[in-house]
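Please read the structure below before turning to the comments.
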Amino acid sequence: MFRMFDCVIVGGGIAGLQAAIQLGRYQHKVVVIDSSDGRSNLCRCYHNVLGFPNGVSGQELRNTGRRQAESLGVHFLKEKVEKVSKRKEGFEFKLSNQQFVHGKRLLFATGVKDRIPLLSEIKPCLGISVYVCPDCDGYEIKDKKALILGSGDVGANMALTLHYFSKDLTYINHERKPISESVKEELENKKIEYVNSPIRKVITEGSQLKKVMLEDNRVISANHAFVAFGGNKVNSELAEDLGVELYKNKHILVDQRKKMTNVEHVWAAGDVVAHSEQVTIAMGDGMQAAIWIHKTLLSTQ
Ligand SMILES: Cc1cc2nc3c(=O)[nH]c(=O)nc-3n(C[C@H](O)[C@H](O)[C@H](O)COP(=O)(O)OP(=O)(O)OC[C@H]3O[C@@H](n4cnc5c(N)ncnc54)[C@H](O)[C@@H]3O)c2cc1C
């Protein structure tokens, strides 16, 4: 391992890997530090990515991306970064194994963590029969029966958005958080069935959703569902501690052209940045950040 890396990438999901591949091709000394619990670890099938008409899993993209980056000399550490501190020359990273890594440039590609209360039950179905994002997977329920498993207005608004794709929707307000009157009225106008009850059990067969059993033992069958509980966490605390400017929803703000933050030599890419949360955008961000990181490294050589 190097004493000082040219660039430390925090997060080895889609954005971090794309940046690593590009920086590896410039032959910079790069390390990706990744705790492997991101969205690309969860999604078992992306359906809207160019070149993959039958879909591709997050794990497959990650494994292939990592091999590609490693073949270019990029290092990988499976750790969580606990703290980042500014130093005279670059940055110091404290890892969960209590070791330290140093780098001249820093790319945050730390993503977002979804709040999914029923995660253990629906994990095998994510991206295949249970979805989180209407822009990604609304098409998968086109003219089909689907459930929305959610909480309060967040779940109700997901149901209203999905009405564009299907008229056969049932919204189950699992956490029974209140719904505003105007939203309730819109659900009624659009004939979206509303069930205000906790879910006892989700019944699946492999990656296929089958049924949802409610606390009162009612059973609702469906082959597709969306989850929308709200309270997703943007992984931007390390950046905030360094003085990086955040948008009001905690996503990182970057310069549109260079993907650099307001803090010199700190970049951000992927879902942690304020924009639509998509694989192809994460790739584009990672690439663009890498190009500008390279330019600034050249100017100091
Ligand atoms: C179920 C599901 C289905 C989806 N379907 C689609 C789809 O069909 N099409 C689409 O375009 N998008 C889809 N998405 C969104 C897509 O997964 C994200 O846009 C994409 O993963 C963003 O990549 P990223 O690199 O920004 O973040 P991630 O892939 O989440 O990677 C971030 C990485 O950073 C790591 N990390 C975070 N903090 C630290 C730290 N402190 N130290 C070390 N490592 C850290 C995490 O462990 C993780 O590995 C879906 C998401 C989910 C959850």
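Only the coordinates and a few stated rules stand behind these numbers; no lab work does. Remember, it's a predicted structure, so these values are computed and weren't measured experimentally. Glycine also receives a Cβ, built like all others from the backbone with ideal geometry; neighbour counts cover every protein chain displayed.
Before moving on, here are some points about what is shown:
- Partner aspartates and glutamates for K259 [C-alpha distance under 12 Å; skip if fewer than 8 residues away on the same chain]: D285
- Anchor K80: aspartates and glutamates whose Cα lies under 17 Å away (excluding residues fewer than 8 positions away in-chain): D34, D37, E92, E237, E240, D241
- Derived scalar couplings ³J(HN,Hα) [region 124-134; Karplus, 6.51 cos²θ - 1.76 cosθ + 1.60; whole Hz; x for Gly, Pro]: x, 8, 5, x, 10, 10, 10, 10, 10, 10, x
- Dipole in debye (nearest 20) - region 172-301, about Cα centre, beta carbon charges: Lys, Arg +1; Asp, Glu -1: 340 debye
- Zone of K144's modelled label, taken as backbone nitrogen in region 93-131 under 16 Å from a point 7 Å along Cα→Cβ: 124-131
- Charge dipole (region 222-301, unit charges on Cβ, about Cα centre) - positive-most of S276, L246, G230: S276
- Estimated inter-spin distance, E240 and T64, nm [label 7 Å along Cα→Cβ]: 3.6 nm
- Isolated cysteines of the chain, defined as having no other cysteine beta carbon under 4.7 Å away, are C7, C43, C45, C125.
- If you run the Gaussian network model on the chain, springs between alpha carbon atoms under 10 Å, then out of S207, S120, S96 the most flexible one is S120.
- Length-normalised contact order for region 111-205 - Cα pairs under 8 Å, 6+ apart - percent: 27 percent
- From least to most packed, judged by other beta carbons within 10 angstrom and beginning with the fewest, Y194, Y46, Y164, Y171 follow the order Y164, Y194, Y46, Y171.
- Furthest towards positive pole of dipole, L50, T296, H75, structure part the chain, Cβ charges: H75
- Once C-alpha pairs closer than 8 Å and six or more residues apart are averaged by separation and normalised to the residue number of the chain, the relative contact order reads 20 percent.
- Sorting 157-163, 62-68 by average packing, meaning the other beta carbons within 10 Å per residue, from highest down gives 157-163, 62-68.
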